[in-house]
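J.: Below is the structure I would like to discuss, written out as structure tokens.
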Ligand SMILES: Nc1nc2c(c(=O)[nH]1)N[C@H]1C(S)=C(S)[C@@H](COP(=O)(O)O)O[C@H]1N2
Ligand SMILES: [Mo]
């Protein structure tokens with residue numbers, strides 16, 4: 001049997017394994033999907049700096065990258081399994097069995113899995129082994145002596161392997177579509193009419209958006225809002241299935257259903273969320289009106305012990321964040337949010353409920369698909385990112401960004417308006433200054449024009465009118481001053497352990 005046929009047989013066996021397990025997993029849901037479990041385990045086991053590199057390099061496409069990598073690794077292992085499989089020495093089959101067992105272990109190790117969830121992987125593994133045994137059995141080639149020479153037995157074998165490969169791919173696609181149909185909460189979300197808001201967010205004053213310059217919109221559309229999380233498949237949690245358990249250092253444990261929440265006052269808040277992984281000049285920051293219930297009210301219902309100093313929140317897929325209790329209970333009104341810009345939360349932003357805490361990076365506060373709040377202490381518990389090298393506290397740093405000009409842009413000689421955004425929640429932005437340097441020398445810091453302030457928990461847009469008269473390369477740099485009088489530092493710090501510092505600069509040319 002030629003090596004290419006062996007490799008093809010191995011890959012066909014892997015495809016059958018994946019296809020069969022996807023089909024059997026469809027009715028059971030994401031918790032029974034071994035690829036998902038293995039991918040999530042890989043994410044969890046990846047060292048912090050490598051994760052950070054993936055976020056920096058691929059941004060929101062980091063999961064696509066992981067999926068492609070996993071498929072490549074599977075293909076290589078499958079080729080090796082095919083090459084090693086012999087009629088009497090089934091090394092390839094043993095490899096498939098080992099992979100299936102590893103898949104079962106990964107499935108069982110995920111939050112919320114049950115023993116039934118290993119069935120698809122076991123069935124898939126068995127199917128893969130039978131496929132590989134069949135293709136290497138010689139059943140398709142041995143008969144050749146008796147048959148007319150016109151069907152080349154090698155060709156017959158390759159066609160059979162290709163056919164099985166195609167079936168495997170088809171099974172994977174059908175399984176994925178079927179699973180989405182059965183488990184998607186898109187309909188549940190579409191049917192959700194949020195209750196009446198008792199205290200709407202104050203209206204946006206005129207003048208928040210600088211005119212005549214294409215800076216980021218003051219309110220970020222839900223569709224444009226950055227998304228960062230460790231979820232390989234977006235958790236599908238219906239309002240009926242959702243519960244929030246509040247426990248730990250409390251007077252009495254409480255569990256709320258979604259309907260139970262209506263006993264609390266629904267309030268709206270405009271809050272700018274920021275990711276600790278946002279590099280200087282990056283776009284992992286967004287501003288939205290969040291509607292929800294004050295976490296303070298929910299915690300009060302359970303009665304918090306005075307010794308607790310952390311709220312450890314957990315999502316349905318096992319992500320955790322450790323938030324200082326005062327950030328959850330003081331008058332910044334941290335929310336268990338159920339709406340975003342007047343819509344039910346988008347599924348990828350945490351439907352049906354998530355946390356929104358003004359002033360703290362998302363990794364220590366903004367748990368999406370949140371189902372559990374444990375009152376505990378910083379000396380007893382840690383959130384997801386802390387053991388990976390991130391700081392246990394994550395207050396948002398004073399930052400500013402240039403949106404116009406874009407890097408490398410040509411600016412015609414004459415008057416031009418530049419602009420961007422600055423944030424320092426919960427302190428608020430007091431001033432923004434820009435400096436324009438050219439080969440002729442370093443320019444002075446000059447005040448930018450600030451858009452109207454909405455609140456200290458939201459970003460502020462700025463613009464700067466400039467007369468471009470000297471052709472050639474230029475660099476614009478920005479710095480913000482927050483309401484404590486602190487001027488954004490020029491010292492560069494990496495995003496690890498607690499957020500980047502430094503000043504954003506953009507090179508452009510006057511032409
Ligand atoms: N369940 C869950 N919630 C999560 C995360 C996560 O990985 N899983 N990531 C956090 C991080 S790091 C950030 S910056 C915010 C991002 O929220 P967004 O995706 O809605 O912008 O979500 C937070 N909530
Ligand atoms: Mo983040």
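The values are calculated or read from the model by the stated rules, or taken from the named source; none is laboratory data. None of these values were measured; they are calculated from a predicted model. Neighbour counts run over all protein chains shown; Cβ positions are idealised from the backbone, glycine included.
J.: Tell me, yes or no, whether the range 262-279 has at least one residue that is away from ligand 1 (no atom under 13 Å from the Cβ), free of Cβ contacts under 8 Å to residues at least 60 places away in the same chain and in contact with a helix residue (DSSP H, G or I) (Cβ under 9 Å, 6 or more places away or on another chain).
T.: Checked the range 262-279: at least one residue is away from ligand 1 (no atom under 13 Å from the Cβ), free of Cβ contacts under 8 Å to residues at least 60 places away in the same chain and in contact with a helix residue (DSSP H, G or I) (Cβ under 9 Å, 6 or more places away or on another chain).
J.: Residues that are in the same structural domain as residue 366 (by TED's automatic domain parsing) and touching a helix residue (DSSP H, G or I) at 6+ places or on another chain (Cβ under 6 Å): does the range 208-231 have at least one?
T.: Yes, there is a match, as at least one residue in the range 208-231 is in the same structural domain as residue 366 (by TED's automatic domain parsing) and touching a helix residue (DSSP H, G or I) at 6+ places or on another chain (Cβ under 6 Å).
J.: Here is a follow-up. Among the residues of the range 357-373, write down those that are more than 16 Å from ligand 2 (Cβ to nearest atom) and either crowded, with 24+ Cβ neighbours inside 10 Å or closer than 17 Å to residue 393 by Cα (or both). Break it down into steps so the answer makes sense when it comes.
T.: Narrowing the range 357-373 to residues more than 16 Å from ligand 2 (Cβ to nearest atom): 371-373.
Within the range 357-373, just 373 meets the criteria.
J.: Any chance you could count how many residues in the range 412-435 are over 36 Å from the mean Cα position of the chain (by Cα) and not in a loop (DSSP other than H, G, I, E, B)?
T.: Here is the first cut: in the range 412-435, the residues over 36 Å from the mean Cα position of the chain (by Cα) are 412-416.
When the remaining residues are screened for being not in a loop (DSSP other than H, G, I, E, B), the result is 414-416.
Final tally of qualifying residues: 3.
J.: While we're looking at this one, here's another question. Check off (1) surrounded by 17 or more Cβ atoms within 10 Å (Cβ to Cβ); (2) in contact with a strand residue (DSSP E or B) (Cβ under 6 Å, 6 or more places away or on another chain); (3) in contact (Cβ under 8 Å) with a residue 24 or more places away in the chain for residue 354 and give me the number that stays unchecked.
T.: Going through (1) surrounded by 17 or more Cβ atoms within 10 Å (Cβ to Cβ); (2) in contact with a strand residue (DSSP E or B) (Cβ under 6 Å, 6 or more places away or on another chain); (3) in contact (Cβ under 8 Å) with a residue 24 or more places away in the chain one by one, residue 354 breaks only (3).
J.: Can you name the residue in the range 227-249 that is more than 14 Å from ligand 1 (Cβ to nearest atom) and buried (at least 18 other Cβ atoms within 10 Å of the Cβ) and is also farthest from residue 347 (Cα to Cα) among such residues? Spell out the reasoning first.
T.: Of the residues in the range 227-249, the ones more than 14 Å from ligand 1 (Cβ to nearest atom) are 238-241, 243, 245-249.
From what is left, the residues that are buried (at least 18 other Cβ atoms within 10 Å of the Cβ) are 239, 246, 248-249.
On the way: 239: 12, 246: 23, 248: 28, 249: 31 Å.
The residue in question is 249.
J.: Going by what's in this entry, would residue 31 be described as in a helix (DSSP H, G or I), within 30 Å of residue 159 (Cα to Cα) and in the same structural domain as residue 152 (by TED's automatic domain parsing)?
T.: Values: in a helix (DSSP H, G or I): yes; within 30 Å of residue 159 (Cα to Cα): no; in the same structural domain as residue 152 (by TED's automatic domain parsing): yes.
Spelling it out, it is not the case that residue 31 is in a helix (DSSP H, G or I), within 30 Å of residue 159 (Cα to Cα) and in the same structural domain as residue 152 (by TED's automatic domain parsing).
J.: So, in the range 302-311, how many residues would count as being part of a strand (DSSP E or B) and either within 16 Å of ligand 1 (Cβ to nearest atom) or without any contact (Cβ under 8 Å) to a residue 24 or more places away in the chain (or both)? Outline the logic, then answer.
T.: Here is the first cut: in the range 302-311, the ones part of a strand (DSSP E or B) are 304, 310-311.
Imposing the further condition that a residue be either within 16 Å of ligand 1 (Cβ to nearest atom) or without any contact (Cβ under 8 Å) to a residue 24 or more places away in the chain (or both) reduces the set to 311.
Here the count works out to 1.
J.: Which count do you get for residues in the range 335-371 that are part of a loop (DSSP other than H, G, I, E, B), under 22 Å from residue 429 (Cβ atoms) and under 15 Å from the mean Cα position of the chain (by Cα)?
T.: Going through the range 335-371 one residue at a time, the tally reaches 3.
J.: Related question: Just the residues that are touching a helix residue (DSSP H, G or I) at 6+ places or on another chain (Cβ under 7 Å) and part of a helix (DSSP H, G or I), please, taken from the range 312-334. Walk me through it before giving the result.
T.: Filtering the range 312-334 for residues touching a helix residue (DSSP H, G or I) at 6+ places or on another chain (Cβ under 7 Å) gives 321-323, 328-329, 334.
If the condition is that a residue be touching a helix residue (DSSP H, G or I) at 6+ places or on another chain (Cβ under 7 Å) and part of a helix (DSSP H, G or I), then 328, 329 are the ones that fit.
J.: What's the total number of residues in the range 436-471 that are assigned to a loop (DSSP other than H, G, I, E, B) and either more than 16 Å from residue 402 (Cβ to Cβ) or without any contact (Cβ under 8 Å) to a residue 12 or more places away in the chain (or both)?
T.: Within the range 436-471, the first condition is being assigned to a loop (DSSP other than H, G, I, E, B), and the residues that meet it are 439-440, 442-445, 448, 451-459, 469-471.
Retained after the next criterion (residues that are either more than 16 Å from residue 402 (Cβ to Cβ) or without any contact (Cβ under 8 Å) to a residue 12 or more places away in the chain (or both)): 439-440, 442-444, 452-458, 469-471.
Final tally of qualifying residues: 15.
J.: Among the candidates 405, 439, single out the residue that is modelled with pLDDT under 95, more than 16 Å from ligand 1 (Cβ to nearest atom), in contact with a strand residue (DSSP E or B) (Cβ under 7 Å, 6 or more places away or on another chain) and farther than 21 Å from residue 501 by Cβ.
T.: After applying the criteria, what remains is 439.
J.: Evaluate the range 315-322: report whether one residue or more is more than 11 Å from ligand 1 (Cβ to nearest atom), over 17 Å from the mean Cα position of the chain (by Cα) and either surrounded by fewer than 21 Cβ atoms within 10 Å (Cβ to Cβ) or not assigned by TED's automatic domain parsing to the domain that holds residue 250 (or both).
T.: Here is the first cut: in the range 315-322, the ones more than 11 Å from ligand 1 (Cβ to nearest atom) are 322.
Restricting the remaining residues to those that are over 17 Å from the mean Cα position of the chain (by Cα) gives 322.
From what's left, either surrounded by fewer than 21 Cβ atoms within 10 Å (Cβ to Cβ) or not assigned by TED's automatic domain parsing to the domain that holds residue 250 (or both): none.
Among the residues of the range 315-322, not one is more than 11 Å from ligand 1 (Cβ to nearest atom), over 17 Å from the mean Cα position of the chain (by Cα) and either surrounded by fewer than 21 Cβ atoms within 10 Å (Cβ to Cβ) or not assigned by TED's automatic domain parsing to the domain that holds residue 250 (or both), which makes the answer no.
J.: Being within 32 Å of the chain's Cα centre (by Cα), modelled with pLDDT of 95 or more and surrounded by fewer than 14 Cβ atoms within 10 Å (Cβ to Cβ): is that true of residue 393 here? Before the answer, list the steps.
T.: Numbers: within 32 Å of the chain's Cα centre (by Cα): yes; modelled with pLDDT of 95 or more: yes; surrounded by fewer than 14 Cβ atoms within 10 Å (Cβ to Cβ): no.
So residue 393 fails the test.
For every residue, the table says whether it meets (1) surrounded by 14 or more Cβ atoms within 10 Å (Cβ to Cβ); (2) touching a residue at least 12 places away in the same chain (Cβ under 8 Å).
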residue	(1), (2)
187	no, no
192	yes, yes
202	no, yes
205	no, yes
210	yes, yes
213	yes, yes
216	yes, yes
222	yes, yes
225	yes, yes
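Let's see how each residue does on (1) in contact with a strand residue (DSSP E or B) (Cβ under 9 Å, 6 or more places away or on another chain); (2) touching a residue at least 40 places away in the same chain (Cβ under 8 Å); (3) within 13 Å of ligand 1 (Cβ to nearest atom):
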| position | (1), (2), (3) |
| --- | --- |
| 360 | yes, no, yes |
| 368 | yes, yes, yes |
| 377 | yes, yes, no |
| 381 | yes, yes, no |
| 384 | yes, yes, yes |
| 387 | no, no, no |
